[in-house]
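The values are calculated or read from the model by the stated rules, or taken from the named source; none is laboratory data. Every value quoted in this text rests on a predicted model; they were computed, and no experiment measured them. No Cβ is skipped: glycine too gets one built from the backbone with ideal geometry, and neighbour counts run over all protein chains shown.
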Amino acid sequence: MAIQKTEGILLRKAHLRETSLILTFYTRDFGKIKGIVRGVRGPRGSCGGANMEIFALDGLVFYERKRSDIFTISQCDLLDFFGPVRASLEKLAYAAYLAELMDSVTALGDKNTEAFDLLLNSLKLLAGECSSKRVARIFEIKLLHLLGLMPTLEICANCGDKVDGPARFSFRHGGLICKKCLQSDREARPILQGTIKFIEHIRLLPYERVARIKVASEVGHELERTLRKFLDYHIERRLKTVEFLKVVVR
Ligand SMILES: [Zn+2]
């Protein structure tokens, strides 16, 4: 593999020996990659610059190491620090959550340019006027959609029949279930039509339009709870930032 260049958003960093870091980026051209950066820790314990802060957008130059899926990163230049996001503890907590969620649902080397754009655009929205909660819901739904993990909402997730009457949402089956299938999941819970509609809006509409849609607060709360549980059900690892968000955001 020759020397490669791309843009990446930093998802995670870990220390490696005295002066090196292992950085995990979601890149535009190579999906998620891991790379070593050497000589970044100074004598006073300083450790990389703004380019090595979580969710920074960097221009990267990297190349392959022998017998390893961890690259050597030879250049890492800051392109966007998302300053307004870092100026607010709430926005910062949400941005860290987006980075952790992205890391937990993607595998090394699976290229998905749309997923890269989704993370980048979500950070830009977060830096603007859009509410942090709305950005998180947009990111969650569009990411599930891009990864083919969307809940089934058009038909029964268990038998495939049309769902008539008040809907129930089953985490086990991954979507709405019909009356006949209620027996198969006693824990399926009622869900508002407004919430189902809002999920579809977020999936289909561009970011800017979704950011402006007004919804009833019970729809917002129900969507947040439903997505949280749906993601927990489908992600094996518990996300640390979810606990942090509970502390930061009432
Ligand atoms: Zn059914």
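List of remarks:
- Selected residue (criterion: nearest to the ligand (Cβ to nearest atom)) from residues of segment 178-190 that are surrounded by fewer than 19 Cβ atoms within 10 Å (Cβ to Cβ) and within 18 Å of Tyr233 (Cα to Cα): Ser184
- Cβ pairs under 9 Å, 6+ apart, first in segment 148-160 and within 24 Å of Ile235 (Cβ to Cβ) and hydroxyl-bearing (Ser, Thr, Tyr), second in a loop (DSSP other than H, G, I, E, B) and more than 8 Å from the ligand (Cβ to nearest atom): Thr152/His173; Thr152/Gly174
- The single residue among Pro166, Pro190 that is at pLDDT below 90, out of contact with any helix residue (DSSP H, G or I) (no Cβ under 6 Å at 6 or more places or on another chain) and either farther than 30 Å from Val85 by Cα or in the same structural domain as Leu101 (by TED's automatic domain parsing) (or both) turns out to be Pro166.
- From Gly128, Gly165, Gly175, residue being touching a residue at least 12 places away in the same chain (Cβ under 8 Å), among the small types (Gly, Ala, Ser) and more than 16 Å from the ligand (Cβ to nearest atom): Gly128
- 3 or more residues without any contact (Cβ under 8 Å) to a residue 40 or more places away in the chain: qualifying strands (runs of 3 or more DSSP E) within segment 1-120: 4-16, 20-27, 31-37, 70-80
- Residue satisfying all of: in segment 146-177; surrounded by 17 or more Cβ atoms within 10 Å (Cβ to Cβ) and small (Gly, Ala, Ser); farthest from Leu223 (Cα to Cα) among these: Ala157
- Exclusive hit being hydrophobic (A, V, I, L, M, F, W, C), outside any loop (DSSP other than H, G, I, E, B) and under 19 Å from Ala136 (Cβ atoms), set Leu176, Leu231, Leu182: Leu231
- Within this structure, Tyr207 passes the test of being of a type in the set (Phe, Trp, Tyr) and either under 18 Å from Leu125 (Cβ atoms) or at pLDDT 90 or above (or both).
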